[in-house]
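A short worksheet on the structure shown next.
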Amino acid sequence: MTKQSEVKDDGNYKVVHNAGFVGLVDTMGSDSDITQAARVSYGTGTKKVSDDRNLIRYLMRHRHTTPFEMCEVKFHIRLPIFIMRQWIRHRTASVNEYSARYSIMEDEFYIPEHDYLQFQSRDNKQGRCRPWMAEGMEDGFEYREKELIRNGMDEININSYKKYEKLLDMNLTRELSRIVLPVSNYTEFYWKINLHNLFHFLHLRTDSHAQQEIQDYANAVLELARPKFPVAFEAWENYVRGSVTFSQTEMKILKSHMATGISEYLNSKSEEGRNPLENELSNREWKEFTEKLKNESTN
């Protein structure tokens with residue numbers, strides 16, 4: 001198994017937690033491959049319909065996903081088993097993981113830092129809350145309590161690994177000896193995924209509602225992959241990650257309060273009268289935006 005110390009100085013890797021890492025080991029394609037795949041739909045002899053950035057943004061906002069599937073990324077990742085169990089739920093990738101049936105597991109375990117030791121959320125059964133959110137305990141766990149928690153976790157890890165080694169020494173098969181190890185034990189895998197499915201993974205796992213530990217890994221993936229497809233990531237962050245979806249009922253509520261204001265806004269606007277924020281949109285994006293507003297103000 002690869003140690004964190006072996007890759008920490010490699011620019012293609014990012015260190016995560018006490019013994020983990022994320023490494024970008026290979027990519028296939030670029031922003032231009034996305035537009036190349038999209039333009040084949042127009043047939044032989046068709047001229048370039050728009051510049052690459054505008055086309056990629058059009059594809060993203062209209063959910064034309066297959067051109068993004070032309071690009072792939074491959075990562076080398078070391079992480080605790082409990083995070084791996086969440087990661088593997090994304091079934092749209094190729095995975096090859098370190099095997100505890102064939103090989104001996106390393107004596108390395110994840111122990112949360114002090115800041116990560118938080119109370120159970122009262123509103124979210126699957127998550128933690130910030131210390132100041134816990135009723136009656138504004139400052140959260142005291143330092144002494146955090147040390148007790150960390151020491152207790154460490155004791156369990158040490159005792160479990162000793163038992164694991166003892167079972168191996170007794171010549172019990174590795175596939176059964178491993179069952180005494182906790183899910184804080186580190187595993188390692190290679191992960192290959194196309195860009196469309198990577199965006200879906202990042203949308204879910206960089207979200208503030210995801211477990212903090214997998215957020216840390218997902219953010220490392222994001223930082224490594226973004227420079228390889230800058231235009232596609234810009235479009236994704238604009239139209240997916242940074243967007244908000246309203247339900248039909250929510251839209252009715254908004255329309256009931258905003259219809260008059262939208263009409264006044266549209267009537268007062270011309271291309272020359274846009275403010276700087278509006279100028280970030282291409283002509284086509286501006287047209288689609290105003291059409292949306294017109295629909296909302298008249299429906």
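The values are calculated or read from the model by the stated rules, or taken from the named source; none is laboratory data. Since the model is a prediction, treat every value here as computed from it, not as a measurement. Backbone-built Cβ (ideal geometry, glycine too); neighbour counts: all protein chains shown. SASA here: full protein model, heavy atoms, side chains in, ligands and nucleic acids out. Shrake-Rupley method; radii C 1.70, N 1.55, O 1.52, S 1.80 Å.
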Taking θ = phi - 60°, what integer Hz values does the Karplus form 6.51 cos²θ - 1.76 cosθ + 1.60 yield along region 182-193, in sequence order, with x for Gly and Pro?
x, 6, 7, 5, 7, 10, 8, 7, 9, 9, 10, 8
For the pair R91/R241, report the inter-label distance in nm, with labels modelled 7 Å from Cα in the Cβ direction.
2.7 nm
If you roll a 1.4 Å probe over the heavy atoms of the protein chains, what accessible area per residue do you get for region 70-211, in Å²?
61 Å²
Compare the peptides 159-171, 209-221 by average per-residue count of other Cβ atoms within 10 angstrom and give them in order, highest first.
209-221, 159-171
Sort the following peptides by mean Cβ neighbour count (other Cβ atoms within 10 Å, averaged over residues), highest first: 188-199, 54-65.
188-199, 54-65
Can you list residues from other chains, or at least 5 along the same chain, whose modelled amide H is less than 5 Å from the amide H of E108?
Y186
To the nearest 20 Debye, how big is the dipole of region 102-242 about its Cα centre, given +1 on the beta carbon of each Lys and Arg and -1 on that of each Asp and Glu?
560 debye
Of the peptides 146-153, 12-19, 236-243, how do they stack up when ordered by the mean number of other Cβ atoms within 10 Å, highest first?
12-19, 236-243, 146-153
Calculate what fraction, in whole %, of the accessible area of region 180-229 sits on carbon and sulfur atoms when a 1.4 Å probe is rolled over the protein chains.
51 percent
